[in-house]
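Participant: This structure is in structure tokens; I'll ask about it shortly.
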Amino acid sequence: MDGTKTPIDEGIIARVVNGVKYAITGVKPDGWFTPQQPLTPVAPEEVKGRAWDYPVGHNLRITSTKSGVSFQELRGLADGYDLLRAVIETRKDQIGMMEWEIKYKDEKKQSDAKIEEIKDFFDYPDKEHDHETWLRALLEDLLVIDAATLYARMTKGGQPYAFELIDGATINRLIDDTGRTPAPPSPAYQQILKGMPAVDYSRDELIYKPRNIRTNKIYGYSPVEQIIMTVNIALRRQITQLNYYSVGNIPEALASVPESWSATQIREFQQYWDTIIEGDLSQKRKLKFIPHGVDYKPTKEPVLKDEFDEWLSRLICYAF
């Protein structure tokens, strides 16, 4: 029999194909406690390969989205705890003293004029500081905030002229729709100055190299950030030790007063005692005359250094 042909809507075919595409072969809907078919994705096909679940509108933010602690706080911790600062400076000393050399990957090739030109370039990489001084500044941002950043200034002919140091804390990373750093010539980094977007840089212009990157974070994870809690404990430990020498009314003890004293008299004498003792190191080890009837009972001297101090030191050294 002759019939009328009715064309099938291409949209229907596409939906059927997509429905089959997300079905797992062999998984039956009526099976006993099966894993079931996965839910059909609600996002379009082009989302495939997205690097991480970044915040919506990330590129519109003009401040660092570093979670937990800011770059400024990390620098404050690195500068505020003398042991941590000593460890950082020691690492910078050790790396700065290492011998370095430029040579061809192919060991058969000998050094030539090109190699010597590169060596001369890195003797003063930013045309201002010698190699070791330049390297120490770069390592500071690497170890403290994990945001080592260099601006590649070019000559008019397109050749590298200088690798200039830039404060990595001012750099806001941009991402494309897959969550990755955009390729040139698109802007990949934005420098925030005075709270405003000041300059855009492509990957060809800015060398931004965190040492410790993670798939779910946009910024690096420095050794200082890894020991935030340890440094906080150590700082409070130091404050306790400092207070022993600066604000305590040594000799530390309990003293009972005459029974006839009222609460007001006790308070007034306590204020008097703290006035002549507290904060004055020259007065703390001198003989003091006290009223008749005051019974002096010294307490145990605090431990100013023990195994806990060594444990904190070991944790900090281990991180570096």
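Participant: Apply 1/(1 + (r/R0)^6) to the Cβ-Cβ distance of Asn216 and Asp167, taking R0 = 25 Å, and write down the FRET efficiency to the nearest 0.05.
Facilitator: 0.50
Participant: OK, next. What chymotrypsin sites (Phe, Trp or Tyr not before Pro) does segment 102-186 have in DSSP loop regions with at most 16 other beta carbons within 10 Å?
Facilitator: Here the chymotrypsin sites (Phe, Trp or Tyr not before Pro) that fit, given the DSSP loop and packing criteria, are Tyr104.
Participant: Among the listed pairs Lys48/Lys105; Lys48/Lys194; Lys127/Lys217; Lys28/Lys217; Lys92/Lys209, which are separated by more than 27 Å between their Cα atoms?
Facilitator: Lys48/Lys105; Lys48/Lys194; Lys127/Lys217; Lys28/Lys217
Participant: Continuing with the same structure: Working from the pairwise distances between different alpha carbons, so that the mean of 1/r is found and then inverted, what is segment 61-145's Kirkwood radius in Å?
Facilitator: 15.7 Å
Participant: Let me ask something else about it. Rounded to the nearest 0.05, what FRET efficiency do Asp53 and Ile115 have when you use their Cβ-Cβ distance and R0 = 41 Å?
Facilitator: The computed FRET efficiency comes out at 0.35.
Participant: Using 7 Å Cα-to-Cβ label points, what is the Trp261/Phe122 separation (nm, one decimal)?
Facilitator: 7.2 nm
Participant: At 1.4 Å probe size, with every protein chain present, just tell me what the per residue accessible area of segment 154-285 comes to in Å².
Facilitator: The answer is 61 Å² per residue.
Participant: Right, next: As a test of the definition: which semi-axes, in Å, follow for segment 195-268 when you take the square root of five times each eigenvalue of its alpha carbon gyration tensor? Largest first, please.
Facilitator: So the three semi-axes of segment 195-268 are 57, 16, 11 Å.
Participant: Treating cross-link reach as a plain straight distance, find the aspartates and glutamates whose alpha-carbon is under 19 Å from the alpha-carbon of Lys108, omitting any fewer than eight places away in the same chain.
Facilitator: The reachable aspartates and glutamates, counting only those whose Cα sits under 19 Å from Lys108, are Glu116.
Participant: Using a Förster distance of 41 Å, how high is the FRET efficiency between Glu278 and His131, based on the Cβ-Cβ distance and rounded to 0.05?
Facilitator: Once rounded, the FRET efficiency stands at 0.20.
Participant: Write down Rg/Rh for segment 146-242, rounded to two decimals, with Rg from the C-alpha atoms and Rh from the Kirkwood relation over Cα pairs.
Facilitator: 1.12
Participant: Further, regarding this structure: With every protein chain in place, what's the accessible area of Met196 (1.4 Å probe, Å², nearest 10)?
Facilitator: So the heavy atoms of Met196 present about 120 Å² to solvent.
The values are calculated or read from the model by the stated rules, or taken from the named source; none is laboratory data. Bear in mind that the values here come from a model prediction, so they are computed numbers and not experimental data. With ideal geometry, Cβ positions are generated from the backbone for all residues, glycine too; neighbour counts draw on all protein chains shown. All accessible areas refer to the heavy atoms of the entire protein, side chains included, with ligands and DNA or RNA removed. Shrake-Rupley method; radii C 1.70, N 1.55, O 1.52, S 1.80 Å.
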